[in-house]
(Lines give C-alpha, C1' and ligand atoms only; values in the text may rest on other atoms or scores of the structure.)
Protein backbone atom coordinates (compact mmCIF):
# COMPACT_ATOMS: atom_id res chain seq x y z
CA UNK A 1 0.00 0.00 0.00
CA UNK A 2 2.86 2.37 0.83
CA UNK A 3 4.39 1.68 -2.57
CA UNK A 4 1.15 2.59 -4.42
CA UNK A 5 0.73 5.75 -2.34
CA UNK A 6 4.32 6.77 -3.09
CA UNK A 7 3.84 6.21 -6.84
CA UNK A 8 0.66 8.29 -6.83
CA UNK A 9 2.35 11.10 -4.90
CA UNK A 10 5.27 11.12 -7.32
CA UNK A 11 2.94 11.15 -10.32
CA UNK A 12 0.79 14.01 -8.98
CA UNK A 13 3.14 16.87 -9.98
CA UNK A 14 3.25 15.52 -13.54
CA UNK A 15 -0.52 15.52 -13.70
CA UNK A 16 -0.75 19.03 -12.31
CA UNK A 17 1.68 20.33 -14.94
CA UNK A 18 -0.25 18.82 -17.81
CA UNK A 19 -1.91 21.53 -19.84
CA UNK A 20 -5.33 21.43 -21.39
CA UNK A 21 -4.72 21.11 -25.12
CA UNK A 22 -8.33 21.31 -26.27
CA UNK A 23 -11.56 23.04 -25.40
CA UNK A 24 -14.89 21.30 -25.84
CA UNK A 25 -18.36 22.65 -26.54
CA UNK A 26 -21.39 20.43 -27.25
CA UNK A 27 -19.06 17.51 -27.95
CA UNK A 28 -16.86 19.42 -30.42
CA UNK A 29 -13.19 19.69 -29.46
CA UNK A 30 -10.86 22.38 -30.74
CA UNK A 31 -7.17 22.85 -29.93
CA UNK A 32 -6.40 25.84 -27.71
CA UNK A 33 -3.57 26.85 -30.04
CA UNK A 34 -2.19 26.04 -33.45
CA UNK A 35 0.58 27.11 -35.76
CA UNK A 36 -0.31 28.61 -39.11
CA UNK A 37 2.18 30.12 -41.55
CA UNK A 38 4.81 30.18 -38.80
CA UNK A 39 2.56 32.13 -36.43
CA UNK A 40 1.02 30.87 -33.20
CA UNK A 41 -2.75 31.31 -33.11
CA UNK A 42 -4.72 31.05 -29.87
CA UNK A 43 -8.33 29.96 -29.54
CA UNK A 44 -10.02 33.25 -28.64
CA UNK A 45 -13.38 31.58 -28.00
CA UNK A 46 -16.01 29.09 -29.10
CA UNK A 47 -19.73 29.42 -29.56
CA UNK A 48 -22.86 27.66 -30.74
CA UNK A 49 -24.81 28.91 -33.77
CA UNK A 50 -28.50 28.23 -33.47
CA UNK A 51 -31.23 28.94 -35.97
CA UNK A 52 -34.69 29.03 -34.39
CA UNK A 53 -34.33 25.96 -32.12
CA UNK A 54 -31.82 24.04 -34.25
CA UNK A 55 -28.16 23.70 -33.29
CA UNK A 56 -26.35 24.37 -36.57
CA UNK A 57 -22.61 24.55 -35.84
CA UNK A 58 -19.91 25.20 -33.29
CA UNK A 59 -17.51 27.98 -34.26
CA UNK A 60 -14.01 28.58 -32.97
CA UNK A 61 -12.08 31.81 -33.53
CA UNK A 62 -8.28 31.74 -33.69
CA UNK A 63 -6.15 34.89 -33.51
CA UNK A 64 -2.51 35.92 -33.21
CA UNK A 65 -3.55 38.50 -30.60
CA UNK A 66 -6.58 37.66 -28.49
CA UNK A 67 -9.25 40.28 -27.89
CA UNK A 68 -12.78 40.69 -26.59
CA UNK A 69 -13.56 43.53 -29.04
CA UNK A 70 -15.34 42.09 -32.07
CA UNK A 71 -15.01 45.15 -34.28
CA UNK A 72 -11.31 45.50 -33.45
CA UNK A 73 -10.76 41.82 -34.29
CA UNK A 74 -12.57 42.15 -37.62
CA UNK A 75 -10.47 45.22 -38.55
CA UNK A 76 -7.16 43.85 -37.27
CA UNK A 77 -4.27 43.12 -39.61
CA UNK A 78 -3.32 39.68 -38.34
CA UNK A 79 -3.90 36.08 -39.35
CA UNK A 80 -7.48 35.24 -38.33
CA UNK A 81 -9.11 31.85 -38.61
CA UNK A 82 -12.70 30.84 -37.93
CA UNK A 83 -13.69 27.18 -37.97
CA UNK A 84 -17.28 26.00 -38.25
CA UNK A 85 -18.00 22.39 -37.23
CA UNK A 86 -21.50 21.41 -38.32
CA UNK A 87 -23.86 19.62 -35.96
CA UNK A 88 -26.35 18.85 -38.74
CA UNK A 89 -26.49 18.56 -42.52
CA UNK A 90 -27.13 21.84 -44.35
CA UNK A 91 -27.25 22.64 -48.05
CA UNK A 92 -24.34 24.78 -49.23
CA UNK A 93 -26.62 27.45 -50.73
CA UNK A 94 -28.41 27.80 -47.37
CA UNK A 95 -25.10 28.28 -45.53
CA UNK A 96 -23.91 30.73 -48.18
CA UNK A 97 -27.16 32.71 -48.07
CA UNK A 98 -27.07 32.95 -44.27
CA UNK A 99 -23.52 34.32 -44.43
CA UNK A 100 -24.51 36.71 -47.25
CA UNK A 101 -27.30 38.06 -45.01
CA UNK A 102 -24.64 38.67 -42.37
CA UNK A 103 -22.65 40.69 -44.90
CA UNK A 104 -25.73 42.78 -45.68
CA UNK A 105 -26.36 43.40 -41.96
CA UNK A 106 -22.77 44.35 -41.10
CA UNK A 107 -20.95 45.74 -44.16
CA UNK A 108 -22.72 49.10 -44.21
CA UNK A 109 -21.60 51.45 -46.99
CA UNK A 110 -18.94 48.94 -48.09
CA UNK A 111 -21.55 46.42 -49.30
CA UNK A 112 -21.78 47.63 -52.94
CA UNK A 113 -17.99 47.26 -53.35
CA UNK A 114 -18.21 43.71 -51.95
CA UNK A 115 -21.16 42.52 -54.04
CA UNK A 116 -19.21 40.61 -56.71
CA UNK A 117 -16.86 39.04 -54.15
CA UNK A 118 -19.79 37.98 -51.95
CA UNK A 119 -21.31 36.29 -55.02
CA UNK A 120 -18.01 34.49 -55.68
CA UNK A 121 -17.73 33.54 -51.98
CA UNK A 122 -21.18 31.94 -52.06
CA UNK A 123 -19.95 29.53 -54.77
CA UNK A 124 -17.16 28.32 -52.45
CA UNK A 125 -19.55 26.85 -49.85
CA UNK A 126 -20.40 23.17 -50.43
CA UNK A 127 -23.19 21.13 -48.88
CA UNK A 128 -22.17 20.02 -45.38
CA UNK A 129 -23.01 17.01 -43.28
CA UNK A 130 -22.84 16.51 -39.53
CA UNK A 131 -19.17 16.68 -38.52
CA UNK A 132 -18.03 18.58 -41.62
CA UNK A 133 -15.82 21.65 -41.20
CA UNK A 134 -15.75 24.97 -43.01
CA UNK A 135 -12.73 27.15 -42.28
CA UNK A 136 -12.10 30.75 -43.29
CA UNK A 137 -8.56 32.11 -42.94
CA UNK A 138 -7.50 35.70 -43.49
CA UNK A 139 -3.82 36.18 -44.28
CA UNK A 140 -2.62 39.80 -44.46
CA UNK A 141 -1.75 40.68 -48.04
CA UNK A 142 -3.08 37.37 -49.41
CA UNK A 143 -6.85 37.58 -48.89
CA UNK A 144 -9.33 35.17 -47.42
CA UNK A 145 -9.04 31.42 -48.02
CA UNK A 146 -12.11 29.19 -47.78
CA UNK A 147 -11.69 25.51 -46.92
CA UNK A 148 -14.12 22.61 -46.68
CA UNK A 149 -12.93 19.57 -44.73
CA UNK A 150 -9.29 20.58 -45.14
CA UNK A 151 -9.42 21.29 -48.88
CA UNK A 152 -9.18 24.83 -50.23
CA UNK A 153 -12.29 25.79 -52.19
CA UNK A 154 -11.02 29.23 -53.19
CA UNK A 155 -9.62 32.60 -52.17
CA UNK A 156 -11.27 36.01 -52.11
CA UNK A 157 -9.02 39.06 -52.38
CA UNK A 158 -9.14 42.15 -50.22
CA UNK A 159 -8.86 43.00 -46.55
CA UNK A 160 -12.20 44.81 -46.85
CA UNK A 161 -13.87 41.52 -47.75
CA UNK A 162 -12.23 39.65 -44.84
CA UNK A 163 -13.15 42.44 -42.40
CA UNK A 164 -16.78 42.24 -43.53
CA UNK A 165 -16.81 38.43 -43.28
CA UNK A 166 -15.54 38.44 -39.70
CA UNK A 167 -18.15 41.10 -38.83
CA UNK A 168 -20.82 38.52 -39.81
CA UNK A 169 -20.00 36.84 -36.48
CA UNK A 170 -18.36 39.68 -34.54
CA UNK A 171 -20.03 42.87 -35.78
CA UNK A 172 -22.76 45.12 -34.42
CA UNK A 173 -25.46 42.87 -35.93
CA UNK A 174 -24.02 39.36 -35.57
CA UNK A 175 -25.68 36.28 -36.98
CA UNK A 176 -26.14 35.02 -33.41
CA UNK A 177 -25.47 37.15 -30.30
CA UNK A 178 -24.73 34.16 -28.07
CA UNK A 179 -22.28 32.86 -30.68
CA UNK A 180 -20.53 36.26 -30.75
CA UNK A 181 -20.27 36.23 -26.96
CA UNK A 182 -18.70 32.76 -27.08
CA UNK A 183 -16.19 33.73 -29.78
CA UNK A 184 -15.08 36.69 -27.65
CA UNK A 185 -15.15 34.70 -24.44
CA UNK A 186 -11.82 33.07 -23.48
CA UNK A 187 -9.65 35.47 -21.50
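The values are calculated or read from the model by the stated rules, or taken from the named source; none is laboratory data. Since the structure is predicted, the reported quantities are computational estimates derived from the model, not experimental observations. Neighbour counts run over all protein chains shown; Cβ positions are idealised from the backbone, glycine included.
Which one of these does residue 161 not meet: (1) more than 26 Å from residue 33 (Cα to Cα); (2) touching a residue at least 40 places away in the same chain (Cβ under 8 Å)?
Checking residue 161 against (1) more than 26 Å from residue 33 (Cα to Cα); (2) touching a residue at least 40 places away in the same chain (Cβ under 8 Å), the one that fails is (1).
Each row is one residue, and each column tells you yes or no for (1) surrounded by 15 or more Cβ atoms within 10 Å (Cβ to Cβ); (2) in contact (Cβ under 8 Å) with a residue 24 or more places away in the chain; (3) assigned to a helix (DSSP H, G or I).
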{"site": "93", "(1), (2), (3)": "no, yes, yes"}
{"site": "112", "(1), (2), (3)": "no, no, yes"}
{"site": "115", "(1), (2), (3)": "no, no, yes"}
{"site": "174", "(1), (2), (3)": "yes, yes, no"}
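With respect to the numbered conditions (1) closer than 16 Å to residue 63 by Cα; (2) touching a helix residue (DSSP H, G or I) at 6+ places or on another chain (Cβ under 7 Å), which one is the sole condition not fulfilled by residue 181?
That leaves (2) as the condition not met.
For the range 60-75, enumerate the residues that are within 17 Å of residue 137 (Cα to Cα), out of contact with any helix residue (DSSP H, G or I) (no Cβ under 8 Å at 6 or more places or on another chain) and surrounded by fewer than 20 Cβ atoms within 10 Å (Cβ to Cβ).
Answer for the range 60-75, where residues must be within 17 Å of residue 137 (Cα to Cα), out of contact with any helix residue (DSSP H, G or I) (no Cβ under 8 Å at 6 or more places or on another chain) and surrounded by fewer than 20 Cβ atoms within 10 Å (Cβ to Cβ): 64, 65, 66, 72.
Residues checked against (1) at positive phi; (2) in contact with a helix residue (DSSP H, G or I) (Cβ under 6 Å, 6 or more places away or on another chain); (3) at pLDDT 95 or above:
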site: 4; (1), (2), (3): no, no, no
site: 12; (1), (2), (3): no, no, no
site: 15; (1), (2), (3): no, no, no
site: 34; (1), (2), (3): no, no, yes
site: 37; (1), (2), (3): yes, no, yes
site: 41; (1), (2), (3): no, no, yes
site: 53; (1), (2), (3): no, no, no
site: 84; (1), (2), (3): no, no, yes
site: 87; (1), (2), (3): no, no, yes
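Does residue 137 count as in a helix (DSSP H, G or I), in contact with a strand residue (DSSP E or B) (Cβ under 8 Å, 6 or more places away or on another chain), under 23 Å from residue 177 (Cα atoms) and touching a residue at least 24 places away in the same chain (Cβ under 8 Å)? Full working, then the answer.
Details: in a helix (DSSP H, G or I): no; in contact with a strand residue (DSSP E or B) (Cβ under 8 Å, 6 or more places away or on another chain): yes; under 23 Å from residue 177 (Cα atoms): yes; touching a residue at least 24 places away in the same chain (Cβ under 8 Å): yes.
Considered against the rule, which asks whether it is in a helix (DSSP H, G or I), in contact with a strand residue (DSSP E or B) (Cβ under 8 Å, 6 or more places away or on another chain), under 23 Å from residue 177 (Cα atoms) and touching a residue at least 24 places away in the same chain (Cβ under 8 Å), residue 137 comes out as no.
Exactly one of these conditions fails for residue 19: (1) in a strand (DSSP E or B); (2) at pLDDT below 55. Give me its number.
Exception for residue 19: condition (1).
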